[in-house]
Structures are given as C-alpha cells and as structure tokens.
2 protein chains.
Amino acid sequence: MNTNTAEKPGTAQIISPEELLNHWQGHRALTRRVIEAFPEEKFFNYSIGGMRTFAEMTMELLAIATPGLREIVSGSTSELKEHFDHGNSKAKMLSLWDESTEEINRLWNQLKPNRFHETIKAFGAYEGTVQSSILYFIDNEIHHRGQGYVYLRSLGIEPPAFWER
Amino acid sequence: MNTNTAEKPGTAQIISPEELLNHWQGHRALTRRVIEAFPEEKFFNYSIGGMRTFAEMTMELLAIATPGLREIVSGSTSELKEHFDHGNSKAKMLSLWDESTEEINRLWNQLKPNRFHETIKAFGAYEGTVQSSILYFIDNEIHHRGQGYVYLRSLGIEPPAFWER
C-alpha cells in the first residue's frame with residue numbers, strides 16, 4: 001500500500017486545515033496593519049460615498065470571525081452583534097483583534113477535518129457548509145479591507161503591501 | 001475497512017477541487033456584475049486617491065486568472081501582461097471576461113488534485129504552491145473588487161450584493 005497520500009488524487013488535501021488557518025490568520029495580520037495605518041480620528045470618522053467608517057467595518061469583522069468559528073465548533077448559534085462600545089480607541093480595537101487571533105487558534109484545534117462539509121446556519125441566518133462559511137468570513141474581510149485601502153489612499157496614506165501576510 | 005472517507009480526518013477534502021473552482025467562478029461572476037454596474041466612461045476614467053481605474057484593475061485580473069492557471073497546468077511560465085488594447089469598450093472587456101471563464105473551466109479539468117502542493121513560481125516571479133497561488137488569484141480579485149465598490153458608491157451607484165455569486 002502506498003502511504004504517500006499526496007500522490008493519490010482524491011485523498012490528499014488540496015488545502016489542509018492548517019493551511020486554511022494560516023491563510024486566514026495571514027489575512028487577519030494584514031487587516032491589523034491596515035487598522036494601524038489609519039490616523040485614529042479617521043479610523044472612526046472617515047468614509048467615502050456614504051459607506052461605513054473602517055472602524056464600523058472592523059467591528060463587523062470582529063463580530064464574524066471568532067463568534068462565527070465558536071458557533072461552528074460549539075454548534076450553538078447566536079445573533080450577529082456588530083456594535084459595541086469601542087470608546088473611539090484604536091488601541092482597544094487592536095487589543096480585541098489580538099484576543100480574537102488567539103481565540104481563533106484555540107477554536108481551530110477543536111475543529112475536526114470531517115466537519116468541513118456539515119451544513120450550518122451561521123448566526124442563525126446564513127446557510128452553508130462549514131468550509132463555505134469560513135471562506136465567506138475570509139472573503140468578507142478581504143472585501144472590506146480593500147475598501148479600507150481606498151480610504152487610506154484618498155487620505156494620502158500608503159497602505160501596507162497586499163502580498164505581505 | 002471504512003470506505004466513508006468523509007469520516008476519516010486527514011483523508012477527506014476539507015475543500016474539494018470542484019468546490020474551489022465554484023468558489024473562484026462565483027467570485028468572478030460577481031466581479032462581472034461590478035464591471036457591468038460601471039457607466040462605461042467611469043469604468044475607464046474614474047479613480048480615487050491616485051489609484052488605478054477599475055478598467056486597469058480588471059486588466060490585471062484578466063492577466064492573472066487564465067494565464068496564471070494555464071502556467072500551472074502547462075508548467076511553462078510567461079511574463080505578467082497587464083495591459084492590452086481595450087478600445088475603451090466595456091463590451092470587449094466583458095467578452096474577454098467570458099472567454100476567460102470558459103478557459104478556466106477547461107484548464108481546471110486538467111489540474112490533478114495531487115498537484116496543489118507543488119511549488120511553482122507564478123509568472124516567473126512569485127513563489128508559492130499551486131494552492132496558495134490560486135488562493136492569491138482569488139484574494140487579489142476580491143481585494144480590487146472591494147475597491148471598485150467604493151468607486152461605485154462614491155459615484156452614487158449601488159453595487160451588486162456581495163453575498164450573491
């Protein structure tokens with residue numbers, strides 16, 4: 001028997017759970033640098049075209065990542081809570097971001113590979129599989145962070161390099 | 001022997017090649033709708049903060065997706081070519097987009113699951129694995145499309161829903 005699963009199509013992971021976690025956390029590290037790049041006042045007050053501030057988008061990202069993964073791991077759903085008292089402090093947001101980073105790592109260890117195709121209803125509302133939900137969390141972050149890049153550029157600030165994670 | 005690989009951690013795909021293709025093409029369908037949402041003149045001329053127009057970003061996306069996947073499948077690299085004569089025609093860009101969609105589907109059928117962890121140098125310059133390169137192609141599209149959303153909002157145009165693919 002050939003034990004090198006990498007050579008057997010259909011059995012080797014094309015993306016392993018560890019790679020997906022690193023992919024996610026790499027994006028989260030970049031988003032953290034984007035938050036850092038904003039002048040504090042602009043982070044909470046600046047927007048374009050009637051859109052949300054980057055602080056509001058960041059609150060959404062915090063509300064989705066860890067709570068969403070916690071739901072997947074625990075199986076008990078809760079409502080999406082996108083608003084909390086940030087006290088207009090970037091330091092507080094960054095500290096919540098870092099707590100979230102640690103918590104995602106802890107939760108990920110509890111997520112078994114055979115669960116990625118289970119059907120779930122994220123936040124009691126959004127149906128998908130575990131894998132499609134996690135990809136959505138990541139995509140949604142990339143999407144809003146890309147918007148943050150425009151905010152920064154329009155403020156004359158060079159954003160962090162997209163390809164660095 | 002248990003033949004239900006979905007119950008054996010480490011052997012079932014957490015994301016299958018078919019799911020990854022659908023994920024990619026779902027994003028590409030959304031980007032197509034974003035291109036469509038731009039008034040033709042704004043697509044080619046409008047930008048914020050000294051950034052590129054959405055037409056220029058679209059050319060980059062076209063230069064990466066199919067040529068990048070073709071490289072992976074064929075093993076022969078070529079340079080990244082982000083500029084071509086678009087004739088200021090959205091119809092031409094959309095037609096190139098649609099050709100690209102078909103070509104990605106054709107190429108994907110030739111990409112074996114055991115190749116996703118091969119190390120490659122995309123466009124002769126960007127080292128990674130096949131899986132990390134494909135994820136990068138997708139992420140880069142989400143990133144620039146998010147910027148297109150800000151352009152549209154600042155023009156008073158409602159962008160297509162992010163969650164529809």
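The values are calculated or read from the model by the stated rules, or taken from the named source; none is laboratory data. Here the structure is a predicted model, which means the values were calculated and not measured. Neighbour counts are summed over all protein chains in view; Cβ atoms, including those assigned to glycine, are modelled from backbone coordinates with ideal geometry. The area values use the complete protein model at the heavy-atom level, side chains included, leaving out ligands, DNA and RNA. Shrake-Rupley method; radii C 1.70, N 1.55, O 1.52, S 1.80 Å.
Got at least one residue in region B:45-55 being of a type outside the set (Lys, Arg), within 13 Å of another protein chain (Cβ to nearest Cβ), open to solvent by 70 Å² or more (accessible area, probe 1.4 Å) and outside any helix (DSSP H, G or I)? Yes: region B:45-55 contains one or more residues that are of a type outside the set (Lys, Arg), within 13 Å of another protein chain (Cβ to nearest Cβ), open to solvent by 70 Å² or more (accessible area, probe 1.4 Å) and outside any helix (DSSP H, G or I). Is there a residue being under 13 Å from the mean Cα position of the chain (by Cα) and either modelled with pLDDT under 95 or not small (Gly, Ala, Ser) (or both) anywhere in region A:31-47? Yes, region A:31-47 contains a residue that is under 13 Å from the mean Cα position of the chain (by Cα) and either modelled with pLDDT under 95 or not small (Gly, Ala, Ser) (or both).
Among the residues of region B:58-113, what is the count of those that are farther than 15 Å from residue B:124 by Cβ and of a type in the set (D, E, K, R)? The qualifying residues number 10. In the condition set (1) in contact with a strand residue (DSSP E or B) (Cβ under 6 Å, 6 or more places away or on another chain); (2) closer than 14 Å to residue A:59 by Cα; (3) among the small types (Gly, Ala, Ser), residue A:91 is compliant with all but (1). Counting only residues that are in contact (Cβ under 8 Å) with a residue 60 or more places away in the chain and either open to solvent by 30 Å² or more (accessible area, probe 1.4 Å) or touching a Lys or Arg at 6+ places or on another chain (Cβ under 9 Å) (or both), region B:17-27 holds 5 of them. Could you pull out the residue among A:61, A:69, A:94 that is surrounded by 18 or more Cβ atoms within 10 Å (Cβ to Cβ) and within 30 Å of residue A:157 (Cα to Cα)? Exactly one residue qualifies, and that residue is A:61.
Table: residues versus (1) under 14 Å from the mean Cα position of the chain (by Cα); (2) at negative phi.
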site: A:102; (1), (2): yes, yes
site: A:118; (1), (2): no, yes
site: A:126; (1), (2): no, yes
site: A:137; (1), (2): yes, yes
site: A:142; (1), (2): yes, yes
site: A:148; (1), (2): no, yes
site: A:156; (1), (2): no, no
site: A:159; (1), (2): no, yes
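Reported count of residues in region B:104-157, each being within 7 Å of chain A (Cβ to nearest Cβ), farther than 27 Å from residue B:54 by Cα and of a type in the set (Lys, Arg), is 1.
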